[in-house]
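To start, I am sharing the structure in question, which I have written as structure tokens.
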Amino acid sequence: MITDYKHNFSSHCETGVTSGLLRHKGLDISEPMAMGIGSGIFFTYLPFIKVQGAPMVSFRTAPTKVFKLVTQRLGVKTVVVKKFKDQLEAMDLLDRNLKNGIPTGCQVGCYHLTYLPPEMHVHYNFHNVVVFGKEDGIYHVADPVFEETQILTYEDLLRVRFSKGLFEPKGKMYYVESVTPDPDIKKAIFAGIKTSVQKMIKDPVPLLGVRGMRILGKDIKKWPKKLTAQKAAFNLIQLVRTVEEFGTGGAAFRFIYGSFLKEAGEKLNHDILLETSIEMGETGNLWREFSIRSGRFVKTRNGSQDDYSLLADIILECSAKEEKIFNKLDKISK
């Protein structure tokens with residue numbers, strides 16, 4: 001029951017899965033293009049929700065949101081099963097798909113993924129993989145962030161599909177049924193950009209998009225006085241992990257989205273898309289600078305109000321740059 005699914009190493013799990021499933025059906029959509037058409041660029045800061053003891057910061061949309069938007073905008077027929085009450089039913093449906101040669105995307109938790117190295121065993125339930133075959137009770141898995149395919153037992157796959165904790169996957173699975181041979185790529189590109197503009201600079205909720213970045217920056221400046229030194233440092237290192245690791249990491253998202261703008265600009269011969277692609281890469285570098293400086297600060301364990309203020313100013317600069325980028329994109333997405 002092994003399909004001819006071609007595994008490709010990717011930067012981000014869901015965009016990699018989306019690209020892989022579409023390419024398997026003959027629609028050549030790159031990972032950056034999936035990110036852009038699927039409006040995967042995002043930011044939210046929810047200080048009242050704690051993730052592993054620190055305020056929640058996220059650079060990614062809800063699981064399968066990218067997949068849904070990409071396929072809708074390209075006229076692709078899909079099936080998405082959001083959750084199962086019966087775990088055995090979830091595994092049986094997956095097995096039927098594999099028997100019929102249908103590679104299937106699954107949302108999973110990372111903590112019990114047996115092929116992950118120890119440092120990646122974290123309570124993170126937003127990961128996505130493609131299950132593309134089963135032999136002698138062993139499942140063959142294409143995990144986008146690994147160069148080679150992996151294997152899982154029935155029990156291990158069941159466990160990660162129904163991992164516990166925040167944002168439980170509850171067996172969520174999704175797959176492509178059929179594709180439109182010649183979709184309107186230009187229309188899909190600008191639809192994706194328009195939604196990203198809405199999320200980043202126009203959403204009325206102040207904790208989302210660039211306004212959320214500004215609130216985070218202002219809060220970081222308050223941490224040395226409001227929190228103990230240990231708690232402030234803990235919050236900071238968790239934020240760095242979000243920027244660099246969780247769900248691919250927010251800095252990497254800026255590079256992927258910049259690649260989308262470049263690819264779209266070249267495909268459509270569009271100067272503003274090419275211009276903003278460079279600017280988005282610069283914001284990715286700025287987020288990386290925040291991580292590097294934060295790491296050095298935490299390592300020395302000698303932070304001051306000035307240190308936190310400097311780090312906060314980097315985030316405020318990121319928000320200003322991204323607001324400028326999306327204002328430019330707003331003018332061409334109408």
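Viscosity 1.002 mPa s, temperature 20 °C: give me the Stokes-Einstein translational D for the chain in µm²/s, with Rh taken as the Kirkwood radius over C-alpha pairs. Don't skip to the answer; put the middle values down first.
Numbers: Rh = 20.6 Å.
The estimated diffusion coefficient comes to 104 µm²/s.
Between 0 and 90 degrees, rounded to the nearest ten: what's the tilt of helix 229-244 against the longest Cα principal axis of the chain?
Roughly 40 degrees, rounded to the nearest 10.
Between 48, 132, 146, which gets the highest mean-square fluctuation from a Gaussian network model of the chain, Cα cutoff 10 Å?
Its mean-square fluctuation being the largest, the pick is 48.
Please compute the Cα-Cα pair-distance distribution of segment 34-112 with 5 Å bins starting at 0, giving whole percents from short to long.
3, 11, 16, 18, 19, 16, 11, 5, 1, 0
Please list 3J(HN,Hα) in residue order for segment 204-210, calculated via the Karplus relation 6.51 cos²θ - 1.76 cosθ + 1.60 where θ = phi - 60°; whole Hz, with x for glycine and proline.
x, 7, x, 8, 9, x, 5
First check a/c for segment 198-250, with a ≥ b ≥ c the square roots of the eigenvalues of its C-alpha gyration tensor; if it is under 1.5, answer rounded, and if not, answer prolate when a/b is larger than b/c or oblate otherwise. Intermediate results must be reported in sequence, preceding the final value.
Details: a/c = 3.93, a/b = 1.42, b/c = 2.77.
Taking the square roots of the gyration eigenvalues as a ≥ b ≥ c, segment 198-250 is oblate.
Please rank 131, 179, 79, fewest neighbouring Cβ atoms within 10 Å first, as an exposure proxy. It would help to have the intermediate numbers written out before the result.
Working: 131 25, 179 21, 79 13.
So the residues, fewest neighbours to most, are 79, 179, 131.
Helix 185-197 versus the longest principal axis of the chain: what angle, 0 to 90°, nearest 10, using Cα atoms?
40 degrees
Then there's this: What is the angle, in °, between the Cα long axis of helix 250-268 and the longest principal axis of the Cα atoms in the chain? Nearest 10 is fine, range 0 to 90.
70 degrees
Shifting gears a bit: In Å, what is the Rg of the alpha-carbon atoms in segment 7-73, and how long is Dmax?
For segment 7-73, the Cα-based Rg and Dmax read 13.9, 44 Å.
Here's a follow-up. In segment 185-332, if every C-alpha pair distance is counted and binned at 5 Å from zero, what percent goes to each bin?
Each 5 Å bin holds this share of Cα pairs: 2, 10, 17, 21, 18, 13, 9, 6, 3, 2, 0.
Please find, in a Gaussian network model of the chain (springs between Cα atoms separated by less than 10 Å), the residue of 203, 271, 313 whose mean-square fluctuation is greatest.
271
If you don't mind, another one. Taking only C-alpha pairs under 8 Å that are 6+ residues apart, what is the relative contact order of segment 185-332 in percent? Could the numbers behind the result be given before it?
Values: 152 pairs, mean separation 50.4, N = 148.
In percent, rounded to a whole number, it is 34.
Bear in mind these aren't lab numbers, they're just calculated from the coordinates by the rules spelled out. Since this is a predicted model, take the numbers as computed values, not measurements. Using ideal geometry, Cβ is built from the backbone for each residue, glycine included, and neighbour counts are taken over all protein chains shown.
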